[in-house]
Each structure stands twice: as C-alpha cells, then as structure tokens.
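*Asks:* Quick one: structure below, then a few questions.
The values are calculated or read from the model by the stated rules, or taken from the named source; none is laboratory data. Keep in mind it's a predicted model, so treat the numbers as computed, not measured. Neighbour counts run over all protein chains shown; Cβ positions are idealised from the backbone, glycine included.
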Amino acid sequence: MGVKFKDITNPEPIGMKELRGKILTIDASNTIYKFLSSMRQADGTPLKDINGNITSHLNGIMFQTATLIEKEIKPVYVFDGKAPELKKETQQKRIQVKKESEQKYIEAKNAGDVENARKYAARTTHINREIIESSKKLLDLMGIPYIQSKTEGEAQASYMVAQNDAWAVVSQDYDCLQFGATRMLKNFRLSKKQSKNLELISLEKTLKELELTREQLVDVAMLVGTDFNEGVYGIGAKKGIKLIHKHGTLENALRELDETMEVDPDLIREIFLNPDVVTDYDLTFRRPKKEQLIDFLCGDHDFDELRTTNAIKKLQQKTAQTSLENWF
C-alpha cells in the first residue's frame, strides 16, 4: 500500500534503454504478487502444473527476468523478512479484503460471470512459503542474485540503492522514499507499449521541490497515514506538507490540530530512517544451470521445453562473466 504521495511527486519519463547496464533492486513479494494476480486463466484460476501446483510466479520470474537480462538490465530480487509489529493492523485489513474477494469470486464463478470472477480472483492472491521457496530455487538456478531481508523488503531494496550498490528500486510504493532510496522506478513493465509509461522519481529532487528534509518527509507521511499508523483524518499530502512547513515537526503540527497518535512517532521514524538491514549481501551474477532449470521447470512443473530453452539462452548470452564488475 504505502503512503499516498502521488500528488506531491513529479516523476520524469525514462526509457528502458537508459537502464542498460544498471542494477535494479526489485521487491520480490510485490513482483510475485503481481505475477500471481495477472497470470491466470480466463476464469481467474492461476496457472498450475499437472499436479495442481501454482506456477504463475515461476512463469513470470523465468521469462520476464530473462527478457531483462537480454536488455542488459540487472535485477536483484529482495524478499521480505519479518514485518514490524506495527504493521499487524494493516496486514489484518488486507486479509479481510481477501476473504471478501474470495466470497465474491465464488458467487461470480457460480453465476457464470467470467469477467467479475477473474477480477475478484486476482484480489484473493496470497503468497505462501512454498511459493517463496520455489521462487528462490528458480533464481538460484538462473544465477540471479537475491537478498533475504530481515524486515521490510522495500527497506532493504532502498538501502542498497542509497549505498550506490544498485541504481534504483523498482516499486509502485512511495515508502521507498521514506526508506531513503535515492531513485525509484514506477510503472516498470516489459512490453513496448507499457514501458512508455516508465517513470523515474528522484529523492533529492523531490525533497528540494517540497522544501523538506527526509526526516520531515517521514513526518508528513505519518500525518497522511502509513502502513504503521492511521494518520490524521482529513489530512492529505499537500496539507501535511503545509503543516510541517509551518510547524517543523509532526508533534508541533499535532498540537495545532489538537490530535494525538496512538503509536509513538519515534517508533515509526526508526522503521523508516534506521531500518534493520542486511549489509553483507552478495550481488554476483552467475551462469544459469541449464539442465537443472529444464528439470525443475519442464520436468517438475510442465513448462514448454522449447520456450524454456530459449529463455535460458538469453541468460547464457549475458552472464558469460561471473564478476558483477565486468558483467556486460
């Protein structure tokens, strides 16, 4: 979900060709969720192998990642760790939405309403341990690096960009800015038509235009509402900025509004400004394990062997070097 900051950022268009040779950190959970939601059959059923195992995520990771590699773009997937305790309420709300969508999906399917069945089916998507572990296994076989975060995947992905170990975070979530990502890419799609909407948001440019520090941006986020607090009713991003400009801090703004927060603001500041991250990650790209990939995807999960082999060739052509420094 993240903070609603769309109205206060000014993204710049960027082409896929401009990303050539760059490392991008990708929130694995969000990406896998997207694959599970979109790669479905006409009635909303996810792609499955002959044994009933869901394969939508494997399909997306394999073929779209191979296309990225072919375009000489270097993806590093970042998996979520344990969510902060403050996120429990947000997670419970999402679970409730899924339950309601499951009921609507059943009703639509029984009524023969294919369009609504597919729509509600996508909203029932959930990621379990099996999906995560099979995704990691696939990335290992592909030779694509991934990082297991301690907490929020976006925090880890943003940290890596802030450290200049990656160029940008691929995300639709403005939380990346609060986490300190110097650059984030929105509307990241691989098709030629959709990639025309690709946008780049710079943290430095955003803070300068808004006349805020990053710490103040976090305070604005708390006024609006984050995954860790409800925010103040009736306060949007623009009004939140005005309040912080006038009062300097969240606490001063709350006093004027005669409002209080149920959560200690310093706890949320700590999550955004000093997240617990992995610092000794390995970003080595390796050669794909062709035979094992074919066994895993085609033997275990009924993938088309010709299509799989073609994707492996894309990986092989661009990962001839084992060192990230001389890759490409």
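*Asks:* Restrict the check to segment 31-50 and report whether at least one residue is touching a Gly at 6+ places or on another chain (Cβ under 6 Å) and among the acidic types (D, E).
*Replies:* no
*Asks:* Can you name the residue in segment 147-163 that is of a type outside the set (A, V, I, L, M) and surrounded by fewer than 23 Cβ atoms within 10 Å (Cβ to Cβ) and, of all such residues, is nearest to I271 (Cα to Cα)? Give the derivation first.
*Replies:* We begin by selecting, within segment 147-163, every residue of a type outside the set (A, V, I, L, M); these are 148-154, 156, 158-159, 163.
Those left that are additionally surrounded by fewer than 23 Cβ atoms within 10 Å (Cβ to Cβ): 148, 150-151, 163.
On the way: Q148: 17, K150: 12, T151: 9, Q163: 18 Å.
By that ranking, first place goes to T151.
*Asks:* Quick check on my filter: what residues within segment 9-32 are part of a helix (DSSP H, G or I), over 9 Å from the mean Cα position of the chain (by Cα) and within 19 Å of A157 (Cα to Cα)?
*Replies:* Across segment 9-32, the qualifying residue is only L19.
*Asks:* Let me ask something additional. What number of residues within segment 262-282 are buried (at least 17 other Cβ atoms within 10 Å of the Cβ), in a loop (DSSP other than H, G, I, E, B) and not β-branched (V, I, T)?
*Replies:* Qualifying residue count, segment 262-282: 2.
*Asks:* Also, quick follow-up: Go through (1) over 27 Å from K314 (Cα atoms); (2) in contact (Cβ under 8 Å) with a residue 40 or more places away in the chain and name the single condition G52 misses.
*Replies:* Here G52 clears every test but (2).
*Asks:* Just for segment 71-94: of the residues that are of a type in the set (D, E) and at negative phi, which one is modelled with the highest pLDDT?
*Replies:* Within segment 71-94, the match that is modelled with the highest pLDDT is D80.
*Asks:* Got at least one residue in segment 249-257 being among the charged types (D, E, K, R) and surrounded by 15 or more Cβ atoms within 10 Å (Cβ to Cβ)?
*Replies:* Checked against the condition, which is being among the charged types (D, E, K, R) and surrounded by 15 or more Cβ atoms within 10 Å (Cβ to Cβ), segment 249-257 yields no hits at all.
*Asks:* Quick check on segment 283-299: of everything there that is surrounded by fewer than 16 Cβ atoms within 10 Å (Cβ to Cβ) and free of Cβ contacts under 8 Å to residues at least 60 places away in the same chain, which residue is farthest from I23 (Cα to Cα)?
*Replies:* G299
*Asks:* Can you tell me which residue is modelled with the lowest pLDDT among those in segment 212-229 that are assigned to a loop (DSSP other than H, G, I, E, B) and within 16 Å of D7 (Cβ to Cβ)?
*Replies:* Residues of segment 212-229 assigned to a loop (DSSP other than H, G, I, E, B): 212-213, 225, 227-228.
Next, only the ones that are within 16 Å of D7 (Cβ to Cβ) stay: 212, 225.
Details: L212: 97, G225: 92.
The selected residue is G225.
*Asks:* Taking the conditions exactly as written (among the β-branched types (V, I, T) and assigned by TED's automatic domain parsing to the domain that holds S38), does V220 satisfy them or not?
*Replies:* No.
*Asks:* So, one more: For segment 232-242, check the following and say yes or no: at least one residue is under 30 Å from Q64 (Cα atoms) and either assigned to a loop (DSSP other than H, G, I, E, B) or in contact (Cβ under 8 Å) with a residue 40 or more places away in the chain (or both). Can you show your working first?
*Replies:* In the first step, residues of segment 232-242 are kept if they are under 30 Å from Q64 (Cα atoms); the result is none.
Within segment 232-242 (the criterion being under 30 Å from Q64 (Cα atoms) and either assigned to a loop (DSSP other than H, G, I, E, B) or in contact (Cβ under 8 Å) with a residue 40 or more places away in the chain (or both)), the answer is no, since none of the residues qualifies.
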